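Working notes for the structure below.
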Amino acid sequence: MPIRRLDETIVNRIAAGEVVERPASVVKELVENALDAGARRVEIATAAGGKGLIRVIDDGHGMGADELALAVSRHCTSKLDGGLDAIATLGFRGEALPSIGSVARLRIRTRRHGAETGAEITVEGGHVEGPRPAPANRGTLVEVRDLFHATPARLKFLKGERAENSAVTETVRRIALAFPDVHFVLSGPDRATCDYPACGQGEGASLRRIAQVLDQSFVDNAVSVAADKEGVRLAGLAGLPSWHHATANRQFAFVNGRPVRDRQILGALRGAYTDMLERGRHPAAVLFIDIDPAEVDVNVHPAKADVRFRDPGLVRALIVGGVRRALLEGGVRASTRDAQKMAAAFAVPENGLAVGGGQAMPNGWQAPLASPGSANGAAAGFAETGQAGFTVMPQARPGDAGDASESDDFPLGAARAQVHGTYILAQTGDSVVLVDQHAAHERLVFEALKRAMADRPLPAQMLLVPEIVDLDPERAEALCAAAVTLARFGLEIEPFGPGAVAVRATPAMLGETDAAGLIRELAETLDPELGEAEPERLRARLEAIASTMACHGSVRAGRAMRPAEMNALLRQMERTPGSGTCNHGRPTFIELKLNDIERLFGRR
């Protein structure tokens, strides 16, 4: 078949396949055009999930009749002044409007500021009519109907109306977060109206917009992030490790005001929460990255969803370090979700008291569960006799003064009891704190091991007879290249001929260990091409070993603790960054405020 030039309509439809994936893609392109035009109010309306109608109205600069014809032509744009090296606008490709017009019915009505009349142009299946004079308000109205009517095959692959509506809402939410000084309204006959009034400018504007879009609970359970490194600035909010979610849809990243779903940024965010989250859970965060436009390429994806940084290592280090430092400096905090769980556990129904799993009584009350050691069915932990499950500290009894170390002025208060040999019950000036003694001590031991690895070489225990481990030659070479780093962690190796290493010492913290198994796992961790340049992955592996040690070397559940031990554990938690969760991501304590307790008992 000979080479020939494609028809313009076919070219536009091919471009539409890159730019217009679904109704949400159309909304994104049109709203970004409105913002680049200086709009201060943007109204979006949809019908049938955006497949039937998408209408975007803005109060931006508008266009003249002479510009309308160019606006629906390919490779025409007003957004490139300095070339592709420093793009400072949201859109620039010049393909969105002609691509949309090639697969849908497109109508644009606009009036430039100061003009007496407006103009209108229509595009249907690539056929252009106009421009022609038309009455119009200041700004631009863009209406897209019957999306993909010209390409039925694409229409079949769209999801249901509910899913498409959800994608449109998510798109508007992301853009609204980046522009707190713009009023956004999203409405339609098949959706609830989302109204995000302008929050003004200044330091608090972004915080107010985040509360609008993500609700106040996220703001209440997040820490402020602020970091700067070599001209790159990071700001935003990062959720507490205990404020986690089943999916990553509450992670928002912006580069120079552009919403992105960049895998490198999201990967760095996961790295910042290493050893703080439960497996399979995801943090919530809103991060704004400001960088010189010349240092980032936004022209790597047709939909502008990904970016490429000139120095990706710098950006990753900034995100990991900035977010982790904010979490650690945030102090010991329990999420409000944990308090809600505790309150729900003690919730009182209207018809009386309910104790989960108890036997229902005729009057609506429930009898407590019978427990071993209680003859009359009363719970042994609170019975007058048989206090095996509930140990009250002597200092908590009336008439005992206690000493200064047990003051409830501390953030985690003073220990008052040990429940079931597992949980420490503490009292502060305005709350009750329940601490999982094993999870809390596990985090403390783990952080101590990490500090030891960072501050000085870990002690090593020499082997009486060096252990020879056979490996793949490339893996053995990479492992020996990292010998200096390994020695800092107490693991001393040296080459022993081609494809083998000799282990002369192992970390003393591991005790008796399978040296050959450890060497083989480390060899799998190292990239043969990078060798010594892989210290971060090596450190992650050794920290995983330290995590296992911490778990087995911590105070076990079921062990009775003396009052002094409980208070010492609380004080050490207050001094240790990140002690709000164990290294598996589970919360170490739950706090219930006195106000919540009073509401449970109807006092408020």
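Table for the structure above
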read-out	value
Selection status of residue 513, of a type in the set (S, T, N, Q), in a loop (DSSP other than H, G, I, E, B) and at pLDDT 60 or above	yes
The range 216-242, residues that are in contact with a Pro (Cβ under 8 Å, 6 or more places away or on another chain) and of a type in the set (A, V, I, L, M, F, W, C)	238
Flag for residue 167 being touching a Phe, Trp or Tyr at 6+ places or on another chain (Cβ under 9 Å), under 20 Å from residue 266 (Cβ atoms), crowded, with 16+ Cβ neighbours inside 10 Å and in contact (Cβ under 8 Å) with a residue 12 or more places away in the chain	no
Failed criterion for residue 235 (all others in (1) surrounded by 19 or more Cβ atoms within 10 Å (Cβ to Cβ); (2) closer than 26 Å to residue 197 by Cβ; (3) of a type outside the set (S, T, N, Q) hold)	(1)
Every residue from the range 516-533 that is at pLDDT 60 or above, among the aliphatic types (A, V, I, L, M) and surrounded by fewer than 19 Cβ atoms within 10 Å (Cβ to Cβ)	516
Pairs where the first residue, in the range 112-132, is surrounded by 11 or more Cβ atoms within 10 Å (Cβ to Cβ) and the second is among the polar types (S, T, N, Q) and not in a strand (DSSP E or B), C-beta under 8 Å, 6+ apart	118/137; 123/102; 125/9; 125/102; 126/9; 126/12; 126/102
Conditions (1) modelled with pLDDT of 80 or more; (2) closer than 30 Å to residue 515 by Cα: number failed by residue 485	(1)
Identity of the residue in the range 141-167, among the aliphatic types (A, V, I, L, M) and farther than 17 Å from residue 127 by Cα, that ends up nearest to the chain's Cα centre (by Cα)	167
Residue tally, condition closer than 27 Å to residue 33 by Cβ, over 10 Å from the mean Cα position of the chain (by Cα) and not acidic (Asp, Glu), over the range 265-300	10
Elements of type strands (runs of 3 or more DSSP E) in the range 417-484, at least 1 residues being on the phi < 0 side of the Ramachandran plot and among the charged types (D, E, K, R)	431-436, 460-470
Single condition residue 387 does not satisfy, out of (1) at pLDDT below 80; (2) within 27 Å of residue 573 (Cα to Cα); (3) out of contact with any strand residue (DSSP E or B) (no Cβ under 6 Å at 6 or more places or on another chain); (4) assigned to a loop (DSSP other than H, G, I, E, B)	(2)
Verdict on residue 257 being surrounded by fewer than 22 Cβ atoms within 10 Å (Cβ to Cβ), of a type outside the set (A, V, I, L, M, F, W, C) and in contact (Cβ under 8 Å) with a residue 24 or more places away in the chain	yes
Qualifying residues in the range 393-439 (those that are touching a Lys or Arg at 6+ places or on another chain (Cβ under 7 Å) and polar (S, T, N, Q)) - the one modelled with the lowest pLDDT	431
Hey, residue 288 crowded, with 19+ Cβ neighbours inside 10 Å, of a type outside the set (D, E, K, R), touching an Asp or Glu at 6+ places or on another chain (Cβ under 9 Å) and not assigned by TED's automatic domain parsing to the domain that holds residue 21 or not	no
Subset of the range 554-604 [among the aliphatic types (A, V, I, L, M) and part of a helix (DSSP H, G or I)]	564, 566, 568, 569, 570, 573, 594, 597, 600
Verdict on residue 190 being in a loop (DSSP other than H, G, I, E, B) and of a type in the set (Asp, Glu)	yes
Pair list, Cβ under 8 Å, 6 or more apart: the range 190-203 residue more than 21 Å from residue 168 (Cβ to Cβ) and not assigned by TED's automatic domain parsing to the domain that holds residue 50, other residue outside any loop (DSSP other than H, G, I, E, B) and aliphatic (A, V, I, L, M)	199/205
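The values are calculated or read from the model by the stated rules, or taken from the named source; none is laboratory data. Keep in mind it's a predicted model, so treat the numbers as computed, not measured. Because the Cβ atoms are built from the backbone with ideal geometry, glycine has one as well, and the counts that use them run over all protein chains shown.
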